[in-house]
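S.K.: I'd like to ask some things about the structure below.
Please treat every number below as a calculation from the coordinates, not as lab data. Note that the structure is predicted; figures quoted are calculated from it, not measured. Methodologically, a virtual Cβ is constructed for each residue, glycine included, from the backbone with ideal geometry; neighbour enumeration extends over all protein chains shown.
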Number of protein chains: 2
Amino acid sequence: MHEEPLFDKLTLIGLGLIGSSIARAARTHCAVRKIAALDSSPRVLARVRELEIVDDASGDVEQALGDADLVILCAPVGACGAIARDIAPHLKHGAILSDVGSVKGSIVKAVAPHVPPGVRFVPAHPLAGTEYSGPDAGFATLFKNRWCLLTPIDQAAFERDHSNADNVAPSLSQRAPHAENDAVDALAEFWKRLGAKVEVTTPEHHDLALAITSHLPHLIAFNIVGTADHLEKVTESEVIKFSASGFRDFTRIAASDPTMWRDVFLNNKGAVLEMLSRFNADLAALQRMIEVDDGEGLFDLFTRTRAIRRGIVEQGQDTAAPDFGRPHEKA
Amino acid sequence: MHEEPLFDKLTLIGLGLIGSSIARAARTHCAVRKIAALDSSPRVLARVRELEIVDDASGDVEQALGDADLVILCAPVGACGAIARDIAPHLKHGAILSDVGSVKGSIVKAVAPHVPPGVRFVPAHPLAGTEYSGPDAGFATLFKNRWCLLTPIDQAAFERDHSNADNVAPSLSQRAPHAENDAVDALAEFWKRLGAKVEVTTPEHHDLALAITSHLPHLIAFNIVGTADHLEKVTESEVIKFSASGFRDFTRIAASDPTMWRDVFLNNKGAVLEMLSRFNADLAALQRMIEVDDGEGLFDLFTRTRAIRRGIVEQGQDTAAPDFGRPHEKA
């Protein structure tokens, strides 16, 4: 349905849920002519070869990167800085370097200093995922109708601001701002081709918005599942048995990849702690309503929260089917 | 597939999500010969007649109750006491009275004093539901593979303990304990026929177990959706747009019926506040881990919570499909 590939060669670094989904979606939509894969785990690379979702999963770094037009880091946030440092010498002039990290401010700080002249770095974050990990978990429709946020930076300004830092690559002289804009446009086209909707924002605003829509919900889910795990008055087997009464909705995102989420919280600490303090203040007010039997206050809050759900369903960001469309017939 | 109905006549009081699902399931599984419906809302009764899911939705109280063998209160927890008082004079000798309330201690306190001699009261709670309300939202498979908890009480002991209370029905002389046991068995058979798995426990233990598996998760979901609703730094439209990154999982249960949930929190205050204080202590510890960059502690917690999810899926209490089986293809 699409005539021309957008890039000659895409190289993915990290073939987990997101990386392997990009590979599958890029192929399905003919977004690129060739795909190469690199991964720190030989086991993952071997599995990628078995799955046949890329053209080159040999693991040869020079071969994978030397002629790649688009290179996407699909590794945990905490690993991206070191990867950028290691691959920098292999990137070709004119290549676009991007990533898929759930935090953008710290990725920019960790990656930008290593970006060689002539390579355009455009941080990105597709808001998509499931609770599963690894190359088998990916699928081609993962990004369909989901948002992908691009958070371009002014690399020249970044270098000026950080020119005293020891780890800034030397001689990153003058940059052409329009080359950066072209790179943003090209990456936006790529994500749209994969089915995503694209929005451009700053790393700082991204990190605030995701702190409330993603990081805090995950933190709370991890916490409540943890609380249930060490109760004495109610057994773990009861918690599991009776989970359909509400608890199980939290366990899905609390089953997300531990490494990824450790890195998210450590790398977006400021925004997460800010949203958490807001959450705690609201929870204290809600607790007070229960203590003083404020039925009207409870009813008002629960009516407002119902309306938010409606907005999410109306905008196609969730299914309207009861129970998320869980299979009631087959249960 | 089942030969004999278990009861001649079932009367449901309140035809919302749960009541109308019981009607549909009871018919599908030939659990009773006839079904009557009562509801405080004439609009609901009219809709039930249109849906043709019961035999008698005339609203005639005497006709609905006079010959009913099983009467189930399917109203919000806070309304059950007054309903029990009103229907008591119409219940036939030997009938079983039950309910579906999410809280059991306060239901027992509110309903038991009104139960006439010769009527067996067996409180029950099917752990099933969706975020939708009303007679159109119900469906016959809602209870399939879900737990239904029965919390029988010793009515004689209850009356002894409360004999000083003004509102205890007079002359509730001696009861035959085996008659109560028969009623528990009969109600258990009824719920099994509807597809549920049955467990018997005490009202007190029920209320503790549900506080952690249901009430606290709902409270937290209501709270986090409320927090997102009044942020200034991130707009509501952004919260909705970016909700697929985690937030939307919370909005489903935060869209549940406001009246029902107001009553739950006000009627299970003690257990809910106890679980909430546990949750708060754990959250403070988690916050501290982030503050001091305790990556190992975070990783350990997130690994434990992943295992709980596995248990829930293995025991058939949730689907293993990614994203709860949300329709990725059609999005």
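S.K.: Per the Cauchy relation, a quarter of the hull surface: what is the mean projected area of the convex hull of the alpha carbons in chain A, in nm²?
M.R.: Values: hull surface 82.2 nm².
Answer in nm², one decimal: 20.6.
S.K.: Run through the other copies and list how far each one's label point is from that of B:Glu314, in nm with one decimal, shortest first; the point sits 7 Å from Cα along Cα-Cβ.
M.R.: Copy-to-copy label distances at B:Glu314, shortest first: 4.4 nm.
S.K.: Can you tell me the 0 to 90 degree angle between the C-alpha axis of helix B:269-291 and the longest principal axis of chain B, rounded to 10?
M.R.: Value to nearest ten degrees: 10.
S.K.: So for the protein assembly as shown, taking the charge dipole from beta-carbon charges (+1 Lys/Arg, -1 Asp/Glu), which of A:Ala64, B:His205, B:Ala82 sits furthest toward the positive end?
M.R.: Final value for the positive-end residue is A:Ala64.
S.K.: Other chains' Cβ within 10 Å of A:253-261 residues: what's the mean?
M.R.: Partner Cβ neighbours, averaged per residue: 6.
S.K.: Going by amide H atoms built from the backbone, whose H comes under 5 Å of the H on B:Lys197, apart from near neighbours?
M.R.: The list, which skips near neighbours in sequence, is B:Asn145, B:Arg146, B:Trp147, B:Cys148.
S.K.: Along the charge dipole of region B:100-162, pointing to its positive end and built from +1/-1 on Cβ of Lys, Arg, Asp and Glu, which listed residue (B:Leu150, B:Gly134, B:His114) has its Cα farthest out?
M.R.: B:Leu150
S.K.: From the phi angles alone, apply the Karplus equation (6.51, -1.76, 1.60; θ = phi - 60°) to region A:115-120 and give each ³J(HN,Hα) in whole Hz, x where the residue is Gly or Pro.
M.R.: 6, x, x, x, 9, 9
S.K.: How compact is region A:91-138 by the rule of thumb for globular proteins, expressed as Cα Rg over 2.2 N^0.38 Å?
M.R.: Working: Rg = 13.3 Å, N = 48, 2.2 N^0.38 = 9.6 Å.
It is 1.38.
S.K.: Give me the dipole magnitude in Debye, nearest 20, for chain B about the Cα centre, with unit charges on the beta carbon: positive for Lys and Arg, negative for Asp and Glu.
M.R.: Details: 34 positive and 45 negative charges, 74 e Å.
With only Lys, Arg, Asp and Glu charged at Cβ, the dipole is about 360 debye.
S.K.: Relative to the other copies, what are the label-point distances for B:Ala46, with labels 7 Å from Cα along the C-beta vector, expressed in nm at one decimal and sorted shortest first?
M.R.: Values, ascending and in nm: 7.0.
S.K.: Now a separate question. Just to compare against my own numbers: the Cα pair-distance distribution for region A:263-331, 5 Å bins, whole % per bin, please.
M.R.: Bins of 5 Å from zero give 3, 12, 12, 12, 14, 20, 16, 8, 2 percent of pairs.
S.K.: If you place +1 on the Cβ of every Lys and Arg and -1 on the Cβ of every Asp and Glu, how big does the dipole about the Cα centre of region B:1-141 come out, in debye to the nearest 20? It would help to have the intermediate numbers written out before the result.
M.R.: On the way: 13 positive and 16 negative charges, 76 e Å.
Using Cβ point charges on Lys, Arg, Asp and Glu, region B:1-141 gives about 360 debye.
S.K.: From the phi angles alone, apply the Karplus equation (6.51, -1.76, 1.60; θ = phi - 60°) to region A:65-73 and give each ³J(HN,Hα) in whole Hz, x where the residue is Gly or Pro.
M.R.: Calculated HN-Hα couplings, in order: 9, x, 10, 7, 8, 9, 10, 10, 7 Hz.
S.K.: Here is a further query. Per DSSP helix of 4 or more residues, -39500 (n - 2.57); summed, then divided by the residues of the protein assembly as shown. What does that give at 222 nm, rounded to the nearest 500? Kindly include the intermediate steps, with their values, before the conclusion.
M.R.: Details: 28 runs with 306 residues, N = 662.
Rounded to the nearest 500, the figure is -14000 deg cm²/dmol.
S.K.: Measuring from the lowest to the highest alpha carbon on each principal axis, how far does region B:7-201 reach, largest first, in angstroms?
M.R.: Result, largest extent first: 45, 33, 29 Å.
S.K.: Let me ask something else. Shortest first and in nm to one decimal, what separations exist between A:Val292 and its copies in the other chains, measuring from label points 7 Å along the Cα-to-beta-carbon line?
M.R.: 3.6
S.K.: State whether region A:206-293 is rounded, prolate or oblate according to the following rule on the C-alpha gyration tensor (a ≥ b ≥ c being the square roots of its eigenvalues): a/c under 1.5 gives rounded; otherwise a/b larger than b/c gives prolate, and the remaining case gives oblate.
M.R.: oblate
S.K.: Grab the residue from chain B whose Cβ hugs the B-to-A rotation axis most tightly, plus its distance in whole angstrom.
M.R.: Residue with the nearest Cβ, plus whole-Å distance, for chain B: B:Phe324, 2.
S.K.: Another question about this same structure. Could you tell me which GluC sites (Glu not before Pro) in region B:1-109 are loop residues by DSSP with no more than 14 other beta carbons within 10 angstrom of their beta carbon? Can you show the working numbers first?
M.R.: On the way: sites: B:Glu3, B:Glu50, B:Glu52, B:Glu62; in loops: B:Glu3, B:Glu52.
Sparse-neighbourhood loop GluC sites (Glu not before Pro): B:Glu3, B:Glu52.
S.K.: Using each residue's phi in region A:22-37, evaluate 6.51 cos²θ - 1.76 cosθ + 1.60 at θ = phi - 60° and report the 3J(HN,Hα) Karplus result to the nearest Hz, with x for Gly and Pro.
M.R.: 4, 4, 5, 5, 5, 5, 3, 9, 6, 6, 9, 7, 9, 10, 10, 10
S.K.: With axes computed from alpha carbons, what is the tilt in degrees of helix B:177-193 against the longest principal axis of chain B, rounded to the nearest 10 within 0 to 90?
M.R.: The helix B:177-193 is inclined about 60 degrees to chain B.
S.K.: I need two numbers for the protein assembly as shown: Rg to one decimal and Dmax as a whole number, Cα atoms only, in Å.
M.R.: 28.6, 97
S.K.: Same structure, new question: Rounded to whole Å and ordered largest first, report the semi-axes of the equivalent ellipsoid of region A:1-104 derived from its Cα gyration tensor (root of 5λ). Working shown, then result.
M.R.: Working: eigenvalues 72, 52, 38 Å².
Equivalent-ellipsoid dimensions as semi-axes: 19, 16, 14 Å.
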